[in-house]
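Below: the structure, in structure tokens.
The values are calculated or read from the model by the stated rules, or taken from the named source; none is laboratory data. The structure presented is a predicted model; accordingly, all values stated were derived computationally and were not measured. Every residue, glycine as well, gets a Cβ built from its backbone with ideal geometry; the counts of neighbours run over all protein chains shown.
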Amino acid sequence: MSTVRVQVSACVFSATVNNLCLRQNAVVSFRKKKLLRLVSMSSVPPSQPFEIAVKASVTTPNRLGDCPFCQRVLLTLEEKHLPYDPKLVDLTNKPEWFLKVNPDGKVPVIKFDEKWVPDSDIITQTLEEKYPSPPLLTPPEKATAGSKIFSTFIGFLKSKDPNDGTEQALLSELSSFSDYIKENGPFINGSEISAADLSLGPKLYHLEIALGHYKKWTVPDSLTSLKSYMKVCSR
Ligand SMILES: N[C@@H](CCC(=O)N[C@@H](CS)C(=O)NCC(=O)O)C(=O)O
């Protein structure tokens, strides 16, 4: 298993992620509970970097590949100032050690307390619970903003019939999200970045690249607020 330095060539949201170099509860009295909360809020970073298996680029050696789920987790680690040690995995030729730690063969997978844990939803939730500072939780009523963009994008990407409504479905989701950002932005939760941005940003980046390449399609300029949001993501 080799460890390398790679760069996320994707979405970045703030100064802290501009250069992504890959490098608990008890039933107690109210007072004790409060004290415990304080202790957990100031949880210390781990002494060792988190080992994390991520997708390797298929075109450039020692670079992170284009996987919005891996980028989401790496951005979360960056935002929380947590150290990590990325293991690049060639998904076209999965190494034995990787299939041993995750028989499903999917990235990202992270090692928490000697146990390898897959899935970006579970990983980011666990990081939020273990390292609540800075808080990245998106309020539930806002967390669904843009949540249908990825599935409609995949529908359009896979479609072979230009008149099957998949392009329209994607445009409709992008347009609703653009309106949402116009009203509530610059980020999904207003002025502060949160978990929903760290999930959606890499997906929008992936959308732009994939649809540009395979369908010569770009996000319409008329969706100005969405365009600004995507610019913030690539800064
Ligand atoms: N639900 C998973 C999806 C992860 C996923 O689909 N990863 C892709 C790379 S972008 C993968 O590992 N594909 C390899 C395969 O399916 O063989 C998550 O959120 O982490």
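Within the range 97-120, residues that are under 14 Å from Pro86 (Cα atoms) reach partners that are within 6 Å of the ligand (Cβ to nearest atom) and part of a strand (DSSP E or B) with beta carbons closer than 7 Å, at six or more positions or on different chains, in the pairs Val107/Lys55.
Looking at the structure I just gave you, is Asp113 within 11 Å of the ligand (Cβ to nearest atom) and modelled with pLDDT under 95?
For Asp113, the condition - within 11 Å of the ligand (Cβ to nearest atom) and modelled with pLDDT under 95 - is not met.
All conditions but one from (1) assigned to a helix (DSSP H, G or I); (2) charged (D, E, K, R); (3) modelled with pLDDT of 95 or more apply to Asp221; the one that does not is (1). May I ask you to list pairs of residues, at least six apart or on different chains, whose Cβ atoms are under 6 Å apart, with the first in the range 196-221 being assigned by TED's automatic domain parsing to the domain that holds Phe153 and the second being of a type in the set (A, V, I, L, M, F, W, C) and at pLDDT below 95? Listed pairs, sorted by first residue: Gly201/Cys11; Gly201/Cys233; Pro202/Ala10; Pro202/Cys11; Tyr205/Ala10; Tyr205/Cys11.
Against the numbered list (1) more than 11 Å from the ligand (Cβ to nearest atom); (2) in contact with a Leu (Cβ under 9 Å, 6 or more places away or on another chain); (3) of a type in the set (Ser, Thr, Tyr), Thr124 comes up short only at (1). Applying the condition of being surrounded by fewer than 20 Cβ atoms within 10 Å (Cβ to Cβ) and polar (S, T, N, Q) to the range 62-98 and asking which residue is farthest from the ligand (Cβ to nearest atom) yields Asn62. Within the range 220-231, identify whether any single residue is within 17 Å of Ser147 (Cβ to Cβ), touching a Ser or Thr at 6+ places or on another chain (Cβ under 9 Å) and buried (at least 22 other Cβ atoms within 10 Å of the Cβ), and answer yes or no. There is at least one residue in the range 220-231 that is within 17 Å of Ser147 (Cβ to Cβ), touching a Ser or Thr at 6+ places or on another chain (Cβ under 9 Å) and buried (at least 22 other Cβ atoms within 10 Å of the Cβ).
When we screen Asp104, Asp161, Asp85 for residues that are outside any loop (DSSP other than H, G, I, E, B), more than 25 Å from Met230 (Cα to Cα) and modelled with pLDDT of 95 or more, the only hit is Asp85.
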